[in-house]
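Every read-out reported here was derived from the displayed coordinates using simple, explicitly stated rules and does not represent laboratory data. Model, not experiment: these values are computed from the prediction. We place every Cβ from the backbone using ideal geometry, glycine too, and count neighbours over all the protein chains shown.
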Amino acid sequence: MRLSRARASEVLAKAALALVAFWLGCYVSGHLGAAGTPPSSRPRVGSASRDAALEETAPEPASPPANRYDEDLAVRHLRLLAETIGPRPAGSAEELQAARYLQGYLSGLGYQTTIQGPILLAEDGKCTQNVVALGPPSAPPGPALLIGGHYDSINLNALSPGANDNGSGVAAMLEIARVSADLPLPCPIYFVAFGGEEMVDHNPEHHHYGSRYFQAHQARPLAAMLSVDMIGVGDHLYLRYVEPAPEPLLALIESAASRVGVAVSRKPDPGHSDHEPFARAGLPAVWIHRLGDRANHTAADTTDRVNPVYVQSVVSLITEFLTNLTSDDLDRVSAWSGG
């Protein structure tokens, strides 16, 4: 199922064009009745300029090795999310547009892909949704590995385009999904774009809606979870976790990082990303994260600040981790169960 860059470009183009059709339909009807949410509860949307921008976003075909990071594709994903669609607050039309784009792209890669929801927010009856992709078809049955990142952006104190937080993580996740599409994995793998990660108001519990919902409604047992969130800006890459530290999983990631020459450090975390609900449930969960982004949660979180080399380092790290993962590794990780 390995895709050349030309094929990946075609998939991206089809996803973008599908989103164009979706927007045009919304413009004509004035409704967004998707993911089970009543049309009246979603804002109206429609923009011919956005339609044209989406068509321009699809990359030109080329043919570098299919199993390597493609900076052009990653940057196109990032720009589509943060510039073409723009700010994507939880429950907004723009967040739903991003979900449709992600679903189309992952489906085009050959993954079994669904929209999970509606997921009710604690704000005026609005809803968010997750984009869930499962594969590869050849994977043996058993607990799945989850790689996820949120695709919404914050609108609390400022309306942010969310380029680093978390367009960078989503772009990395899509590249990992592409380059690992035919790896002989010892388990199924979920790629999940979580909705509603950011706080929707000043209540400290009103966040992580998508990941909490997925954890509570997951269709199959999970072996471990990796959250890829805010990886494009900052001085150093961290492996963050809710204590106690999931030692077997951390050791495997550190070993993969050493092999590809990516410097990482461990850092405990109180639960500030989508690893939180999985860790609280006793699952080995790690947040891969760069620190030092002064524009976080502001209108200045724009694409020009995201370093594609940093995105590449995470794609290389996780792909190396997946490439060398064995059944025995998976058993050791799964047996951790909260320490």
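Measuring from the lowest to the highest alpha carbon on each principal axis, how far does the range 74-200 reach, largest first, in angstroms?
Ordered largest first, the range 74-200 gives principal extents of 45, 30, 19 Å.
Placing +1 at every Lys and Arg Cβ and -1 at every Asp and Glu Cβ, with all other atoms neutral, what dipole size does the range 256-339 have around its Cα centre, in debye to the nearest 20? Walk me through the numbers on the way to the answer.
Numbers: 8 positive and 10 negative charges, 52 e Å.
The dipole of the range 256-339 has a size of about 260 debye.
Work out, in µm²/s and without decimals, the Stokes-Einstein translational diffusion coefficient of the range 242-287 at 20 °C, 1.002 mPa s, Rh from Kirkwood over C-alpha pairs.
The calculation lands on 192 µm²/s.
Sticking with the crude label model, points 7 Å out along Cα→Cβ, report the distance from R259 to E83 in nm, one decimal please.
My value for the distance between the label points is 3.6 nm.
Residue by residue, what Karplus-based ³J(HN,Hα) values in Hz, rounded to whole numbers, does the range 295-308 have, using 6.51, -1.76 and 1.60 with θ = phi - 60° and x for Gly and Pro?
Each residue's phi maps through the Karplus curve to give 8, 4, 6, 10, 5, 8, 7, 10, 5, 5, 8, 7, 8, x Hz.
Which of the GluC sites (Glu not before Pro) across the range 117-208 are loop residues per DSSP, with 10 or fewer other Cβ within 10 Å? Don't skip to the answer; put the middle values down first.
Working: sites: E123, E175, E197, E198, E205; in loops: E123, E197, E198, E205.
Answer in residue order: E205.
Rounded to the nearest angstrom and ordered from largest down, what semi-axes does the equivalent ellipsoid of the range 191-234 get from its C-alpha gyration tensor (root of 5λ)? Could the numbers behind the result be given before it?
Values: eigenvalues 83, 59, 12 Å².
That gives 20, 17, 8 Å for the three semi-axes.
Gain in length, K267 to H217, computed as 0.36 nm per residue apart minus the alpha-carbon separation, to one decimal in nm?
Numbers: separation 50, 0.36 × 50 = 18.00 nm, distance 2.88 nm.
Using 0.36 nm per residue and subtracting the Cα-Cα distance, I get 15.1 nm.
Which whole-Hz ³J(HN,Hα) couplings does the range 276-284 yield from phi under the Karplus relation 6.51 cos²θ - 1.76 cosθ + 1.60, θ = phi - 60°, glycine and proline marked x?
With the stated coefficients, the range 276-284 comes to 3, x, 6, 5, 4, 8, x, 8, x Hz.
Give me the one-decimal nm value for the distance between modelled label points at A158 and T323, 7 Å along each residue's Cα-to-Cβ direction.
3.8 nm
Taking the Cα atoms of the range 212-254, what is the range of coordinates along each of the three principal axes, in descending order and whole Å?
Dimensions of the range 212-254 along the principal axes of its Cα atoms: 37, 23, 17 Å.
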